[in-house]
Each structure stands twice: as structure tokens, then as C-alpha cells.
Amino acid sequence: MLIVIDHVAASGSGLRDTDTLHRIDAEQVKKDVISAGFVFEGASDVLHNAADPHTAKVFELQGKSDKFLLKFRKPRR
């Protein structure tokens, strides 16, 4: 199993905000991990914060950024 937790970037932004805001689009992560041979198992919104506008640097939000949690499985050969 592989669990990925990271800070949410604007939908469709891909890798654009990784260097500036320290955020990434969850769909980009899913695409990259699936292309590495993993199977997407599911997601959880337990770390979701609707008050985060996704435009601020995560370090400025002092632990209150919106985050995604994705679960993947590596198939047995």
C-alpha cells in the first residue's frame, strides 16, 4: 500500500504550484502514481479544509491548509 498526503492545489494546476506554493493537484499525483504501476484504491477528505483558498503558501497557513489523502496498491505479479 502507498498512502499519499499533500497540500491541495487548484484543480487542473498540475505541477504549477509545487515550487511556489508547495501544493500539487491531486489528479496529477493520481496520474503519476498510476503510471508507476499502482492501482488507485480510494481517497479520504478527513484532512479537507474548505476555508483554504488554495492560493496561499502552505507555510503561511500554520497547519490549516487543505490536504488530500490518496490510497494506492501495488498489484502482485
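Can you name the residue in the stretch 1-41 that is among the hydroxyl-bearing types (Ser, Thr, Tyr) and out of contact with any strand residue (DSSP E or B) (no Cβ under 6 Å at 6 or more places or on another chain) and, of all such residues, is most open to solvent (accessible area, probe 1.4 Å)?
If we filter the stretch 1-41 for residues that are among the hydroxyl-bearing types (Ser, Thr, Tyr), which is where we start, we get 11, 13, 18, 20, 35.
When the remaining residues are screened for being out of contact with any strand residue (DSSP E or B) (no Cβ under 6 Å at 6 or more places or on another chain), the result is 11, 13, 20, 35.
On the way: Ser11: 117, Ser13: 14, Thr20: 82, Ser35: 98 Å².
By that ranking, first place goes to Ser11.
Scan the stretch 49-60 for residues that are open to solvent by less than 40 Å² (accessible area, probe 1.4 Å) and not β-branched (Val, Ile, Thr) and jot them down. Spell out how you get there, then give the answer.
Pass one, the stretch 49-60, residues open to solvent by less than 40 Å² (accessible area, probe 1.4 Å): 52, 56, 58.
Matches in the stretch 49-60: Asp52, Ala56.
Can you work out which of the residues in the stretch 66-77 that are open to solvent by 10 Å² or more (accessible area, probe 1.4 Å) and touching a Phe, Trp or Tyr at 6+ places or on another chain (Cβ under 9 Å) is nearest to Ala26 (Cα to Cα)? Walk me through it before giving the result.
Step one: list which residues in the stretch 66-77 are open to solvent by 10 Å² or more (accessible area, probe 1.4 Å), which gives 67-69, 71, 73-77.
Filter once more, so that each one left must be touching a Phe, Trp or Tyr at 6+ places or on another chain (Cβ under 9 Å): 71, 73-75.
On the way: Lys71: 12, Arg73: 16, Lys74: 18, Pro75: 21 Å.
Step by step, filter the stretch 66-77, then rank; the result is Lys71.
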Next on the checklist: Please go through the stretch 1-24 and give me each residue that is of a type in the set (A, V, I, L, M), under 20 Å from Ala51 (Cα atoms) and out of contact with any Ser or Thr (no Cβ under 6 Å at 6 or more places or on another chain), ordered by number.
Outcome noted: Ile5, Val8, Ala9, Ala10, Leu21
Checklist entry - Pick from the stretch 37-77 the residues that are more than 13 Å from the chain's Cα centre (by Cα) and basic (Lys, Arg): which of them is nearest to Leu2 (Cα to Cα)? => result Arg73
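The values are calculated or read from the model by the stated rules, or taken from the named source; none is laboratory data. The shown structure was predicted, so the numbers you read here are calculated from the model rather than taken from an experiment. Every residue, glycine among them, receives a Cβ derived from its backbone with ideal geometry; neighbour counts consider all protein chains shown. Heads up: the accessible areas ignore ligands, DNA and RNA and are worked out on the full protein's heavy atoms, side chains in. Shrake-Rupley method; radii C 1.70, N 1.55, O 1.52, S 1.80 Å.
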